[in-house]
Amino acid sequence: MKIAIFGASGSTGLRLIEQAIERGYSVTAFVRDSKRMMIHHDHLTILEGSVFNTHEVELAIQGQDAVIVALGANSSSPADICAKATLNIVNGMKKHQVKRIIVLTGFGTSPASRRQLGCVMRIVVKTISLLMYREFTDKEKQDEVVRQSGLNWTIVQPPKLTDGLKKGEFKHGSFRPSMLAQISRSDVATFMLDEVEHSRYINQSTYLHD
């Protein structure tokens, strides 16, 4: 299996790389600064570039079996970094005929999935969207890019992420999670890689928590 990971040097991205290598995958890690990449392996190719540069993005995608997007943002990032980057990735996948994409967004960032939530949880999500308007709006736009991509997509929506150990046991699907729900980044990585192999949620979004 050959996969490209965008957002590879982030906290979840590093766990994705580690577990993908353990599974015997050939991994292409796309990073903004290769000095931040502390993992080195014969099955790992590190590509340094900008997610806004279409040519560099396409180099990472060409020849892959699947693409995983685990992009994040901070206060110094462009306001629409996840949405614009994902659009470049989608376009690159179409050009090189790579169909499978799995995208990590966040709890409640899909308007379609929010309709499944109860009243209290919708209020919680609304509050979060106001407090983190910039980041939340970017993730909403990213969600829409993926849904309109025409690819074989899966959107993964975890609640609070932790640095806990991998348990390998978690809930996923269309359910109503608790306000206290959380999951480790390691378990998120496990689920996303499982989805590469088993494709249980083609053209669907799924909540995820332990």
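Each of Thr54, Thr86 was scored by other Cβ atoms within 10 Å of its Cβ. Listed from fewest to most, they are Thr54, Thr86. Ordering 163-170, 65-72 by mean Cβ neighbour count within 10 Å, with the highest value first, yields 65-72, 163-170. Gain on full extension, evaluated as 0.36 nm per residue between Met1 and Arg32 minus their Cα-Cα distance, stands at 8.8 nm. Pairs exceeding a 26 Å alpha-carbon distance, out of Lys94/Lys141; Lys95/Lys171; Lys2/Lys35; Lys141/Lys166; Lys35/Lys141: Lys95/Lys171; Lys141/Lys166; Lys35/Lys141.
Readers should treat all values here as calculations from the given coordinates under stated rules, not as data from a laboratory. In this text the structure is predicted, and so the values were computed from the model without any measurement. Glycine also receives a Cβ, built like all others from the backbone with ideal geometry; neighbour counts cover every protein chain displayed.
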